[in-house]
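Step one of this worksheet: look at the structure below.
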Amino acid sequence: MPKTTAILVASVWEDTGLTIMARLRGNTGAYILQADFSGIAASVFPIKDADNPTLNAAALTVSSVVFDTLQTTSDDPRWTADGTGFNFLYTVPASAFATPGKHRLEIVFNPSSGDDWPLVYTVDVKSLYVS
């Protein structure tokens, strides 16, 4: 299983989406590829009301969120972390962050072989006066 035990932190304004860009390695330590997965699902849970997810195990289209080659700034100018690039891109819909406060984003990868593994974020949803 990849080392994804750290909970990452992000902030977003309420009623806006959150774009996750990451360079991920799979169960073997190699960069992930589309063929590595039978599925990927995303969920968002408000910390104060975790029994009522705002995004409940939404199935992601693997070919839309996983890239077989690393994408750099020349492929997507939003990537500014380094020159190596990213191979995972997902925008959590704005509807998942309609309420200000702490939320937990869990993206669960289902490999074609081996155990599932998560990518987990604590997301601080900031309130807007106009929302």
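The values are calculated or read from the model by the stated rules, or taken from the named source; none is laboratory data. Nothing here was measured: the structure is a model prediction, and the numbers come from that model. All Cβ positions, glycine included, derive from the backbone under ideal geometry; neighbour counts span all protein chains shown.
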Item to complete: Determine whether residue 89 is over 12 Å from residue 54 (Cβ atoms), in contact (Cβ under 8 Å) with a residue 60 or more places away in the chain, not small (Gly, Ala, Ser) and not in a loop (DSSP other than H, G, I, E, B).
Response: yes
Screening 89, 8 for residues that are at pLDDT below 95, surrounded by fewer than 19 Cβ atoms within 10 Å (Cβ to Cβ) and within 16 Å of residue 121 (Cα to Cα) leaves only 8
Considering the stretch 58-74, residues that are among the hydrophobic types (A, V, I, L, M, F, W, C) and at pLDDT 95 or above, and then whichever is farthest from residue 86 (Cα to Cα), we arrive at 59
Of the residues in the stretch 92-130, those that are closer than 16 Å to residue 53 by Cβ and either among the small types (Gly, Ala, Ser) or outside any strand (DSSP E or B) (or both) number 8
Residue count, the stretch 1-50, condition in a loop (DSSP other than H, G, I, E, B), closer than 13 Å to residue 117 by Cβ, small (Gly, Ala, Ser) and in contact with a strand residue (DSSP E or B) (Cβ under 9 Å, 6 or more places away or on another chain), comes to 2
